[in-house]
Amino acid sequence: MGRTYQDVAELTRERWEANTDYWVRVIRESRDRYRTELTDRAVLDAIGDCAGLRVLDAGCGEGYLTRTLAARGARVVGVDACHGLIDAAEGLPCEGPGSASFTRASVDALPMEDASFDLVVCNHLFSHLHDPSRAIDEFGRVLRSGGRLIILTLHPCFYTGNAERGASTSVPAAEYFAGRGIDQHFMVDGLRSPSKITSWLRPLEFYARTLREAGFVIADLREPHPTDEQLRNDPWWRTGFPTAIFMLLVAERR
């Protein structure tokens, strides 16, 4: 018998619990160069001025983006299903004019009121959701009319297993349109995660249809990539970015 949606969600949560200490170390020691030198900048650029905004950091992990946005003046709630990561997030103070709080909850069933946020940010979350349509519905519910949803995720057209270590094989059409799961350990700066994590990838038309059905309009699509200078001067980037790895979507709530 196949696994149910809840089975997959529980397995994913258990794997993140097993990886908590590993992931807190990676983030707090700034070991993930994809984030520190590329995707964090792309996400913050897409967010822009956030002072005074009510922000949901969906899949907040150990809370670094929540703290960053609070330091810029936003009122941020970080949500994650992993006990260990929420405990870690609550263990660091927030500095700045904004505020930060953390809640353990699934993004499929947010304990927030309708139309209570101006912005929802999903930073490296969507590839870890077996069926993100449920989360998109919830984001549509908690966002006010005109609010924005920013999604930074793995690029569904090009990402393959071990792409971060130079793999550049193409994605067959049959796998691309059917959707696929890539089961692998994190390997960051020579550190291997205790547990595997599955990355779920779906075709672009899935995102467009699901967002539209939840009341969103796609306002922008970006593909964060190294600068010419990074590629020219740093062999790490030439090896570690053999193809487009990331996609950033900005959607507006009607």
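Just a few scattered comments:
- Each residue in the stretch 90-118 was checked for being part of a strand (DSSP E or B) and among the hydrophobic types (A, V, I, L, M, F, W, C), and 3 of them qualify.
- Cross-chain or 6+ apart pairs with Cβ under 9 Å, the stretch 95-117 first and within 30 Å of E14 (Cβ to Cβ), then aromatic (F, W, Y) and open to solvent by less than 90 Å² (accessible area, probe 1.4 Å): V107/F139; D108/Y5; L110/F139; F117/F139
- The helices (runs of 4 or more DSSP H) located wholly in the stretch 3-89 that include 2 or more residues which are open to solvent by less than 20 Å² (accessible area, probe 1.4 Å) occupy 20-28, 40-47, 64-71.
- Qualifying residue in the stretch 151-158 (condition: assigned to a loop (DSSP other than H, G, I, E, B), in contact with a Lys or Arg (Cβ under 9 Å, 6 or more places away or on another chain) and open to solvent by less than 10 Å² (accessible area, probe 1.4 Å)): yes
Yes/no per residue for (1) among the polar types (S, T, N, Q); (2) over 14 Å from the mean Cα position of the chain (by Cα); (3) at pLDDT below 95; (4) within 30 Å of S145 (Cα to Cα):
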{"site": "M1", "(1), (2), (3), (4)": "no, yes, yes, no"}
{"site": "S30", "(1), (2), (3), (4)": "yes, yes, no, no"}
{"site": "E62", "(1), (2), (3), (4)": "no, no, no, yes"}
{"site": "L65", "(1), (2), (3), (4)": "no, no, no, yes"}
{"site": "A71", "(1), (2), (3), (4)": "no, yes, no, yes"}
{"site": "V79", "(1), (2), (3), (4)": "no, no, no, yes"}
{"site": "A88", "(1), (2), (3), (4)": "no, yes, no, no"}
{"site": "F102", "(1), (2), (3), (4)": "no, yes, no, yes"}
{"site": "D114", "(1), (2), (3), (4)": "no, yes, no, yes"}
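The values are calculated or read from the model by the stated rules, or taken from the named source; none is laboratory data. Since we're looking at a predicted model, the values are computed, not measured. FYI the Cβ positions are ideal-geometry reconstructions off the backbone, even for glycines, and counts take in every protein chain you see. Note: accessible area is taken over every heavy atom of the protein model, side chains too, but ligands, DNA and RNA are not part of it. Shrake-Rupley method; radii C 1.70, N 1.55, O 1.52, S 1.80 Å.
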